[in-house]
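Engineer: After the structure tokens below, expect a handful of questions from me.
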Amino acid sequence: MEEQNVTIFSPYAFSVGQKINIADGPRKGDWEVTGISARKVTLKCPISHREFEWDRFCYHVADRNQRWPGED
């Protein structure tokens, strides 16, 4: 078999209390991780304090120091 250029994706290993920023998509913005299960992640908006439980969907892109919550 010939080698090909392949992009590998792996689900991100969240931790409770983690501050995250989702760069794109319908969940774009700043969130705090408040719960984790094998299939779900619960995120809390730092502005409205509303919580949402979603299927795990994020993939790690980069770590950096930045303002949180940020201004969009």
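The values are calculated or read from the model by the stated rules, or taken from the named source; none is laboratory data. As the structure is a computational prediction, the values presented were derived from the model and not from experiment. As a convention, Cβ positions derive from the backbone with ideal geometry for all residues, glycine included, and neighbour counts pool all protein chains shown.
Engineer: Exactly one of (1) of a type in the set (Asp, Glu); (2) modelled with pLDDT of 95 or more; (3) loosely packed, with under 10 Cβ neighbours inside 10 Å is unmet by residue 63. Its number?
Structural biologist: Only one criterion is unmet by residue 63, namely (2).
Let's see how each residue does on (1) acidic (Asp, Glu); (2) surrounded by 11 or more Cβ atoms within 10 Å (Cβ to Cβ); (3) at negative phi; (4) under 9 Å from the mean Cα position of the chain (by Cα):
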site	(1), (2), (3), (4)
3	yes, no, yes, no
11	no, yes, yes, no
14	no, yes, yes, yes
18	no, yes, yes, no
25	no, no, no, no
46	no, yes, yes, no
